[in-house]
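The values are calculated or read from the model by the stated rules, or taken from the named source; none is laboratory data. Just so it is clear, the structure is predicted and the values come from calculations on it, not from any experiment. We place every Cβ from the backbone using ideal geometry, glycine too, and count neighbours over all the protein chains shown. Calculation scope for accessible area: heavy atoms of the full protein, side chains included, ligands and nucleic acids excluded. Shrake-Rupley method; radii C 1.70, N 1.55, O 1.52, S 1.80 Å.
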Amino acid sequence: MSILVLTESENGKLKKNAFEVVSYAKALANHQNTTVTALAINCDEPGELGNFGADKVLNTTLTFPYFDALIYSEIATQAVKQEGSNLVIISSSANAKYMAGILAAKLDAGYVSNVVDLPVFGAHTTVKRMAFSNKAFSHTTLHANMNVLGLSTNAFGAAENQVNAQVIEFQPNIPDQTMTQIDVSQTTGKASIADADIVVSAGRGLKGPENWGIIEEMAEVLGAATACSKPVSDMGWRPHSEHVGQTGKPVATNLYFAIGISGAIQHLAGINASKIKVVINTDPEAPFFKAADYGIVGDAFDVVPRLTEKLKALQIGSV
Amino acid sequence: MKILVCISNVPDTTSKINFIENDTKFDKQGVQFVINPNDEFGLTRAIWFKEQQGATVDVMHVGRSDADPTLRKALAIGADKALRIDTDATDGFVVANQIANFVKENPYDLIIAGRESIDYNGGMVPGMMASVLGYAFVNTCVGLKIDGKEAVAVREMDGGSETLKTQLPLIIGAQKGLVEETDLKIPNMRGIMQARQKPFEVIAAKDINANTTVSKFEKPEPKAHVKLIAADDLDQLIDLLQNEAKVL
Ligand SMILES: Cc1cc2nc3c(=O)[nH]c(=O)nc-3n(C[C@H](O)[C@H](O)[C@H](O)COP(=O)(O)OP(=O)(O)OC[C@H]3O[C@@H](n4cnc5c(N)ncnc54)[C@H](O)[C@@H]3O)c2cc1C
């Protein structure tokens, strides 16, 4: 009845969210008096998961190095069956959300995404999750015997919890691939919006694509990802992949800088799960000031370069 | 090519979110409902296929008649037929299985659903349908080409994108990027008139129990006031971020 947690790796290296989902599973397991089994696919250091409380790691190496939602969910299903689990924990990454629905259907399980807290146990178990694009929470009651919980990024955090993880080579039956990857483009050397601790986001206040140098420089100094408001991507100033908000990518980072962004309701909805928000805007009436923790009323072209200089001295992004 | 586009009926993005009946129900009072934006990108691509390569486009909703105006809008934009499975869309599991049951008897080459709806943000419907039906599936789809039975789809990932080749039948989770914003269609008078003549079927639901139910909603705590920092005192901002917020 171990809790099964799916961990993610990239180029063999465990992702930050792997430690978070394992930490969450461990807290749950302690409460339920059970253990945590982590599934690691194409991972070079599966033993590291023991640092965050995984009692057992099922380790699988595939012949192809990339994520395949159908294959991964099949492997996870076999792991669940082997461990006799009735609770599966996954992250909120794009890959996790891609496979979650497939996995839940295979397991005939209830699936709750965007979970922000530990479940509350009782006659019926309920979990708190984000809904209405971060404008509200819903307390969702689980009715199935098998459940998959998708933990919202940064909602729980990673908590060190040293145990000696028993790493077991897991050899599931792998079905034939029905989809093949024919091309991949990775934004190399730069943090992604989903994984970055800090996101530097800019809007129409920047006036034109030629002015993004100051944003990129600030992001580089912070080791941050760059993002933008919807009109900025609609006008082609920045790629669509940088568009954040209700109809773009969700952001749940530790620190979000909004530069020259007014703070429309659709923008705020998508970024609200971020912990600390800093706004830099010439207009003191901009709605973003109502949603932010810290604000500077000022001109981005004056403030941002000076701020970048000061941040350089902290040597944050130099790792 | 037969295309099915799954449509969720959601509050307009500008809606104020409030709850009634002891925070157990969403307050629909004064709220304008629209086609879920992710579904609208998908519908627009479906109509592109219809116009450019020849296809029929059906739209499908699981829910009650209050969504009929939204389905009529989809017809006015260019869909050929509307289908509504008449039941409460209690959770994504119910929606996915209701549609999958219908599709088992009425197969499609391509099924498009939004990556997630902007109200409940469940994000499970397309994947569950794919699993139940055994169709290929590409989520967060930002590009799709179809040639005969072969499909090439671009999937947005965290920090990049990949191109996948597969065979129809296929389900995609649609989102922004699948079509340009300027491609989105506003219904014109002719489209609205034609929509009235188009078939609109209400289908009896199968008996499927929900795996999850919402017991209560909650609104986030009101935000504490923003701390304003003078534009010439950036050291203070850095100090606050390091020592008060502890995020640097
Ligand atoms: C269905 C729908 C979905 C939407 N989804 C999204 C979404 O997902 N994400 C999103 O972002 N938007 C979304 N929008 C758009 C949203 O309503 C706003 O139009 C958009 O967020 C505004 O972008 P902005 O803040 O960059 O531009 P503006 O609103 O034009 O704001 C620019 C800001 O820059 C400030 N400024 C100007 N010059 C400077 C300067 N030199 N220094 C500092 N500040 C300066 C101005 O004071 C202003 O506040 C959506 C809209 C609709 C209808």
Inset, instruction - Enumerate the pairs (first residue in region B:132-144 and more than 19 Å from A:F67 (Cα to Cα); second residue anywhere and open to solvent by 20 Å² or more (accessible area, probe 1.4 Å) and at pLDDT 95 or above) with beta-carbon separation below 6 Å, excluding pairs fewer than 6 apart on the same chain, so at least 6 apart or on different chains. - result: B:V132/A:A105
Legend entry - Check on A:T141, out of contact with any Phe, Trp or Tyr (no Cβ under 9 Å at 6 or more places or on another chain) and facing another protein chain (nearest Cβ under 7 Å): yes
Legend entry - Cβ pairs under 8 Å, 6+ apart, first in region A:39-60 and among the acidic types (D, E), second open to solvent by less than 10 Å² (accessible area, probe 1.4 Å) and assigned to a strand (DSSP E or B): A:D55/A:V36; A:D55/A:T37
Legend entry - Positions within region B:1-16 being part of a loop (DSSP other than H, G, I, E, B) and within 15 Å of the ligand (Cβ to nearest atom), in sequence order: B:S8, B:D12, B:T13, B:T14, B:S15, B:K16
Inset, instruction - Go through the residues of region A:168-177 one by one and say whether even a single one is buried (at least 18 other Cβ atoms within 10 Å of the Cβ), in contact (Cβ under 8 Å) with a residue 60 or more places away in the chain and closer than 23 Å to A:N17 by Cα. - result: yes
Inset, instruction - Identify the residue in region A:63-94 that is part of a helix (DSSP H, G or I) and in contact with a helix residue (DSSP H, G or I) (Cβ under 7 Å, 6 or more places away or on another chain) and, among all such residues, is nearest to A:S192 (Cα to Cα). - result: A:A69
Inset, instruction - Identify, by number, the condition in (1) farther than 27 Å from B:Q167 by Cβ; (2) touching a residue at least 24 places away in the same chain (Cβ under 8 Å); (3) of a type in the set (D, E) that B:D12 doesn't meet. - result: (2)
Inset, instruction - Return a yes/no flag: does region A:286-306 have any residue that is more than 11 Å from chain B (Cβ to nearest Cβ) and either buried (at least 22 other Cβ atoms within 10 Å of the Cβ) or charged (D, E, K, R) (or both). - result: no
Legend entry - Residue count for region A:273-283, restricted to those that are more than 9 Å from the ligand (Cβ to nearest atom) and surrounded by fewer than 20 Cβ atoms within 10 Å (Cβ to Cβ): 1
Legend entry - Residue count, region A:75-108 (criterion: more than 13 Å from chain B (Cβ to nearest Cβ), closer than 26 Å to B:N101 by Cβ and crowded, with 24+ Cβ neighbours inside 10 Å): 2
Inset, instruction - Give the residue that is surrounded by the fewest Cβ atoms within 10 Å (Cβ to Cβ), with candidates limited to residues of region B:197-231 that are among the acidic types (D, E) and touching a residue at least 60 places away in the same chain (Cβ under 8 Å). - result: B:E201
Legend entry - Conditions (1) buried (at least 19 other Cβ atoms within 10 Å of the Cβ); (2) closer than 15 Å to A:V163 by Cα: number failed by A:A40: (2)
Legend entry - Residues within region A:236-264 that are open to solvent by 10 Å² or more (accessible area, probe 1.4 Å), more than 22 Å from the chain's Cα centre (by Cα) and either within 8 Å of the ligand (Cβ to nearest atom) or free of Cβ contacts under 8 Å to residues at least 12 places away in the same chain (or both), tallied: 3
Legend entry - Any chance B:M60 is away from the ligand (no atom under 16 Å from the Cβ), closer than 23 Å to B:R84 by Cα, in contact (Cβ under 8 Å) with a residue 24 or more places away in the chain and open to solvent by 30 Å² or more (accessible area, probe 1.4 Å): no
Inset, instruction - Could you run through region A:109-126 and say how many residues are facing another protein chain (nearest Cβ under 9 Å) and at pLDDT 95 or above? - result: 7
Legend entry - Condition met for B:G122 (more than 8 Å from chain A (Cβ to nearest Cβ), in contact with an Asp or Glu (Cβ under 7 Å, 6 or more places away or on another chain) and under 30 Å from A:K128 (Cβ atoms)): no
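Tally up the residues in region A:122-162 that are open to solvent by less than 60 Å² (accessible area, probe 1.4 Å) and over 25 Å from the mean Cα position of the chain (by Cα), please. Quick ask: steps written out before the conclusion?
Looking only at region A:122-162, we keep the residues that are open to solvent by less than 60 Å² (accessible area, probe 1.4 Å), and these are A:122, A:125-142, A:144, A:146-155, A:157, A:159, A:161.
If we keep only those that are over 25 Å from the mean Cα position of the chain (by Cα) as well, we get A:122, A:144.
Result for region A:122-162: 2.
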Legend entry - Test result for B:D88, of a type in the set (D, E) and within 15 Å of the ligand (Cβ to nearest atom): no
Legend entry - Some residue of region A:206-213 being away from the ligand (no atom under 13 Å from the Cβ), buried (at least 20 other Cβ atoms within 10 Å of the Cβ) and without any contact (Cβ under 8 Å) to a residue 40 or more places away in the chain: no
